[in-house]
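Q: Handing you this structure, nothing more for now.
We did not get these values from a lab; they are worked out from the coordinates using the rules stated. It should be emphasised that the depicted structure is a prediction, and the values quoted were computed from it without experimental measurement. Here the Cβ is made from the backbone with ideal geometry for all residues, glycine too, and neighbour counts use every protein chain on show.
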Amino acid sequence: MKNLLILILVITSFTTLAQTDSADYFLQEGIKAKGERRWQVAQNHFQKSVLLNASNTAAHKELGLVYAEQRKYDLAKQSFTEVLKKNANDAEVNAQMANLYFWTRKWNEAIQYAKKAQELKAPLKTNYIIGKSYYEMEDYGQAFPYLQNALKEEPANAEIPYIIGRSFVDMSNYRSAAPYFVQAIQTDTTKPRWIYETALNFAAIPDDVNAIKYYELAAARGYKTDNDYYENLSVSYLGLGQADKCIEAMKKVLEKKPADVTLLYGVADVYYKIGKYQDAIDYWDKILLYDKKNARALYMIGMAYQKKGDTQKGQQLCDQAIAMDPTLKNMRTQKMQVGL
């Protein structure tokens, strides 16, 4: 009986050793396949290694890395969790967990693991993860120091200054945002949307010279020149007193939105301000085609006729408009006071 027990122990030990050897074999084969970027083959080898030796943290870690490469994020988390059960201070795995939660937009968890990885001096850069996670949570005060550190670590990562710029925009601090937007679009010149946002930011300062510069650059780099684009461009042209270019931009929108009363008003008002009264009348007349009871348009037509020298006709039209909308009396008083 004693000899039988000894034999069983020997067989058990031999089996365990054989399994361990097999686990190590599959681990090495998996590492080889991983190096060749054959992710599925590597995954199969690492799975066999883990199955033969569940306590092999190296195999769990490698399996997690391969899952992550294949965007199997939940399975990757499971594998890395097995490693952390054995060694909660594994710096690389904490950093990988930060990445996984970051990629899946779980910001609190991403911050937790990234800070742990920083404490453990992980080789992977984690300031960007922490900074952007705080940004996504709209906690800009917490985000800034990490994003500034990330900018020093990764000067070629254009998204970092872009995010800092966006943070300032969200706080309506457009002047502080401007240099970060410029840095972002200089670092990565392939994003016309960023260039357009840079233009909008300069327009909000307002700095219409730079706004126009970046509106035009955005279009040159492929940004879609839609109605919003031309409307915003026209506002900046008007801000610089470039009335002709302002009108030209608004007319491009009117080609697609011919019944847009706001735009018709805009073109008419600009023509009026630069003394092209007949052009102004023509555009206010277009408003009346769509809305015959638009008292303000009628009133401004009357004002334009008076500016042209036809005082009687102009006053009659203004009186008709005031009869339609008595509040226009205030408008007449204001215009008389400023000489319009």
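Q: Could you quote the convex hull projected area for the chain, Cα atoms only and averaged over all directions, in nm²?
A: 26.7
Q: Another question, if that's okay. Which residue, Tyr180, Tyr229, Gln70, has the largest displacement toward the positive end of the dipole of the chain when charges sit on each Cβ (Lys, Arg +1; Asp, Glu -1)?
A: Tyr229
Q: Still on this model: With 24 Å as the limit, write out which pairs from Lys308/Lys329; Lys34/Lys77; Lys224/Lys256; Lys251/Lys313; Lys245/Lys313 have Cα-Cα distances beyond it, or answer none.
A: Pairs exceeding 24 Å: Lys251/Lys313; Lys245/Lys313.
Q: Compare the peptides 183-192, 301-310 by average per-residue count of other Cβ atoms within 10 angstrom and give them in order, highest first.
A: Listed from highest to lowest mean packing, they are 301-310, 183-192.
Q: Just how large is the dipole of the chain about the Cα centre, in debye to the nearest 20, putting +1 at every Lys and Arg Cβ and -1 at every Asp and Glu Cβ?
A: Once rounded to the nearest 20, the dipole reads 220 debye.
Q: Another question about this same structure. Can you pull a Stokes-Einstein diffusion coefficient for region 37-193 at 37 °C (0.692 mPa s), Rh from Kirkwood over Cα pairs, as a whole number of µm²/s?
A: Rounded to a whole number, D works out at 194 µm²/s.
Q: Send over the per residue convex hull volume for region 190-340, Cα only, as a whole number of Å³.
A: Convex hull of Cα atoms, per residue: 112 Å³.
Q: What are the ³J(HN,Hα) couplings of region 128-140, residue after residue, when phi is run through the Karplus curve with 6.51, -1.76, 1.60 and θ = phi - 60°? Round to Hz, x for glycine and proline.
A: Here the 3J(HN,Hα) series is 5, 4, 5, x, 5, 4, 5, 4, 5, 8, 6, 9, 6 Hz.
Q: Further, regarding this structure: Per-residue counts of other Cβ atoms within 10 Å, averaged by peptide: what ranking do you get for 235-247, 28-40, highest first?
A: With the highest mean Cβ count within 10 Å placed first, the list reads 235-247, 28-40.
Q: Ranked highest first by the average count of other Cβ atoms within 10 Å around their residues, in what order do 55-67, 78-90 fall?
A: 55-67, 78-90
Q: Another question, if that's okay. Helix-only estimate, please: 222 nm mean residue ellipticity of the chain, summing -39500 (n - 2.57) across DSSP H runs of length 4 or more and dividing by its residues, to the nearest 500.
A: Roughly -25500 deg cm²/dmol at 222 nm, from the helical runs in the chain.
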